[in-house]
1. When the chain is fully extended, how far beyond the present Cα-Cα distance does residue 105 get from residue 285, taking 0.36 nm per residue of separation?
2. How big is Rg to Rh over the chain, alpha-carbon atoms, Rh as the Kirkwood inverse-mean-distance radius?
3. Measure off 7 Å from each Cα along the Cα-to-Cβ vector at residue 97 and residue 48, then give the distance between these two points in nanometres to one decimal.
4. Would you mind estimating how fast the stretch 401-440 diffuses translationally, via Stokes-Einstein at 4 °C and 1.567 mPa s with the Kirkwood radius over Cα pairs, in µm²/s?
5. Please list, in order, the residues from the stretch 27-42 whose amide nitrogen is less than 15 Å from a point placed 7 Å along the Cα→Cβ vector of residue 77.
6. Which residues does a label at residue 324 reach in the stretch 196-218, if reach means a backbone N under 15 Å from a point 7 Å past the Cα toward the Cβ?
7. In the stretch 353-453, what GluC sites (Glu not before Pro) fall in a loop by DSSP, with at most 16 other Cβ atoms inside 10 Å?
8. Among the trypsin sites (Lys or Arg not before Pro) within the stretch 205-308, which fall in a DSSP loop and have no more than 14 other Cβ atoms within 10 Å of their own Cβ?
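Read the figures in this text as sums done on the coordinates, not as results from a lab. All of these numbers come straight from a predicted model, not from anything done at the bench. Neighbour counts are summed over all protein chains in view; Cβ atoms, including those assigned to glycine, are modelled from backbone coordinates with ideal geometry.
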Amino acid sequence: MVETAIRTRAAQAATSLSAADLRGRLVSGALRAAELTEAYLARIAEAEPGVQAWAWLDGDHAMEQARALDRYRESGRAPGPLHGLPVGIKDIIDTAKIPTSNGCALDAGRVPSHDAFVVERLKAAGAIVMGKTVTTELAFMHPGKTRNPHNPAHTPGGSSSGSAAAVAAGMVPLAIGTQTGGSVIRPAAFCGVTGYKPSFGAIPRRGILPQSPFLDTVGVFAADPRSAALIAEALFGHDEADPATRPAPHPRLFETACAKPPVLPTFAFVRPPGWKEEATDDTKEAFAELVAALGEQVFEVELPRVFNGAATERLRINLAEMARCYHRYGRDGADHLSSETLEALSQGNATLARDYLAALDWKPVLNAALGEIFERCDAILCPAAPGAAPEGLATTGSAVFNGLWTFCGTPAVTVPILTAANGLPMGVQLVGRIDDDARLLRTAQWLHDWAEG
């Protein structure tokens, strides 16, 4: 009895650790998957009434998975890279025999027969599917029920609201989301966790509700960049069902993220379009202090004027493809959709093919201009959001500082190292060159450690 109580307390304490720190304990057997899962379920029972991060949760199912993983490890077989780590999965990602409602009344009760690619990978890596996290309606702009764990009167962001909030509230060490505009980076910043959006096409999207195939990107949430690298590495791959992916060598994200940079990183501080109008005083003051503190490691650069029109072109692509992908929802269930979604579908349907095709041509032009900047730095440094999470739950906040990088297909990471005057977290966004994800994560971990002193 005494030993059981000690192990229970140890498991409860372990829920405050990052996934990267938990991994070693789980693999060695110092911490059992069942003990850790039980501790996280206790934390969910405590925090969920106020945060409301979960669309579906079955504690018995989570414990069954955990016990099976403990038996697997005790049999002497090699544990997977995510052995025993509970993961929250955004509710637009298919899970076999588990409801996937896409945040939409029209899909309530929908139960897929097959797992999405990323869920297959999670299970193969030894992760525990803890449950499905809340998303906005069809992963667009109409908010779900989730509240910000730091202040329930403020938005957690969107559309991966439940994923970000679940990690921030300590309900799971890891979660998966998606980003078409700013749906990983922004909620990570608002909730005070690390959000990582890989290079476009790095993680296959089979089995995930498509909104805009030209933009949709799978991302992850964790306590720190190296933990984000740990789960993302298990998800990277090629899938013939997703034409955005391609065969590539193993990325070694985690190993690189844990390594010390060979030289001190250099950052290019960028004030992205919208900075003057939308960045709050807190953000402007915080970045002035951050740039000053980094000293010679940072230089300022102005984006070429062509970037000023990128937001309009990205939105044009998003809405046009959304009108195509969500046609059946608008056709068969318009009475059950929010005004935000209906207005987006209307705008998408009105987009001319000429304008849509012209917008697609912007991506290589923008990346050509970014190439000159990346020749001089390890990462672009910019805000992850205009400020801290806005008060109110009617919107999910602005993605003005995220959509540009989604459009370009560059990897981006939120590092939660800033605080607003009201005590809410603010995120620093680091952006890297396409397919240079490992280096970006190493740089992000360096900044995370530097900020902690």
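1. Values: separation 180, 0.36 × 180 = 64.80 nm, distance 4.23 nm.
So the chain would gain 60.6 nm between residue 105 and residue 285.
2. On the way: Rg = 20.8 Å, Rh = 21.9 Å.
Rounded to two decimals, Rg/Rh equals 0.95.
3. Once both label points are built, they end up 2.0 nm from each other.
4. My calculation gives 116 µm²/s for D.
5. What the label zone holds, given the 15 Å backbone N cut-off, is no residue at all.
6. 210-216
7. Working: sites: 372, 375, 391, 452; in loops: 375.
Sparse-neighbourhood loop GluC sites (Glu not before Pro): 375.
8. Details: sites: 205, 206, 226, 252, 276, 284, 305; in loops: 205, 206, 252.
Loop-located and lightly packed - 252.
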